[in-house]
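See below for the structure under consideration.
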Amino acid sequence: MNLKSLFPIFFLFCFVVSGQAQIDLSKIARDAKRSVNKRIDRNIDKAIDNTLDETEDAIKGKKRRKRGKNKDKDDDIYYEGDGEAIVVKEVIPNAFNGQFLITRDVSGEGDDESNMYTIAMREYETAIRPLMIKKPHNLIIYNKEEETQTTINNELYNGKALKDWVSLSDVVEDKYAEAERTDDIETIGGYIARKYIVDHKDYEGEIWFTKEIDAEIAVVYSLLELDGLYLDPALGFPLRMSLEYDDDKIVTYNVTDIQEDADPSLFDLSAYQLVDMTDLEAGK
């Protein structure tokens with residue numbers, strides 16, 4: 001067979017191969033398109049399912065996300081309660097679950113008195129029991145999720161626990177006392193603390209903060225009516241304070257007996273009848 005006779009065969013072979021290649025490429029393209037469409041459909045179905053699940057969870061009250069540090073503190077979520085939707089403020093639970101003692105010594109003129117407190121924290125609750133001067137309260141339990149304050153005062157309403165709705169507002173940042181960090185470090189009660197020199201329009205002094213205890217001390221300040229301290233929570237947990245006020249009053253605070261477990265009896269109200277102000281006003 002000569003070269004001229006081989007040329008038509010070679011041309012036909014190339015044509016067949018080329019056509020087969022075109023057919024294969026077209027099939028691959030169709031298969032790829034079909035695969036992409038299937039993935040898109042699956043993703044759409046999954047997204048729809050997730051959206052429905054999230055909506056249902058939100059309605060039923062199952063979606064209780066912990067608020068992150070960068071989340072707006074005023075965000076609300078909705079859930080179904082007693083057959084209707086209500087608004088619930090999202091809050092984070094206490095990171096510290098335990099208890100400690102705070103001794104508060106006051107020297108100088110005025111009605112302010114020294115006292116000692118047992119303070120316990122668990123989940124969303126903070127309990128404060130005064131140990132020396134028990135008036136006006138023998139025990140306060142604040143629930144920051146419900147924004148309720150339950151007070152026991154056996155002298156005023158024996159056998160009853162007064163439950164009120166109280167919202168403790170956060171301290172405005174621009175009101176924080178100025179705090180100058182020092183190089184002084186000391187171990188207090190087994191926790192490493194750093195001394196800060198603080199200056200406020202009403203007082204000045206020194207405070208030892210530790211970063212090893214993650215407790216929401218602002219709630220304690222509010223319940224003890226010590227909002228005027230205006231301390232930045234980012235500095236840590238104060239273990240020791242010595243403050244001199246403009247009226248020459250000197251107040252010292254010492255935190256001792258820190259325990260990592262809270263006494264459950266401090267939160268036990270089973271022996272008391274829960275009442276509100278309307279019950280007390282009616283003399284019930």
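The values are calculated or read from the model by the stated rules, or taken from the named source; none is laboratory data. Worth saying up front: this structure is predicted, and the values here are computed from it rather than measured. For neighbour counting, all protein chains shown are included, and Cβ atoms are generated from backbone atoms with ideal geometry for every residue, glycine included. The protein model used for the area step is the full one, side chains on, heavy atoms only, and it has no ligands, DNA or RNA in it. Shrake-Rupley method; radii C 1.70, N 1.55, O 1.52, S 1.80 Å.
Structure notes:
- Protection proxy ranking of 179-191, 247-259, 213-225 - average other beta-carbon atoms within 10 Å, highest first: 213-225, 247-259, 179-191
- Rolling a 1.4 Å probe over the heavy atoms of the protein chains gives the stretch 129-284 an accessible area of 58 Å² per residue.
- When you count the other C-beta atoms within 10 angstrom of each residue and take the mean per peptide, 137-146, 118-127 line up highest first as 118-127, 137-146.
- Portion, in percent, of the accessible area of the stretch 116-156 that falls on carbon or sulfur, probe 1.4 Å: 48
- Protein-only accessible surface at a 1.4 angstrom probe places the residues Val275, Val106 in the order Val106, Val275, largest first.
- Annotation: average projected area of the stretch 98-227 is 9.6 square nanometres, based on the convex hull of Cα atoms across all directions.
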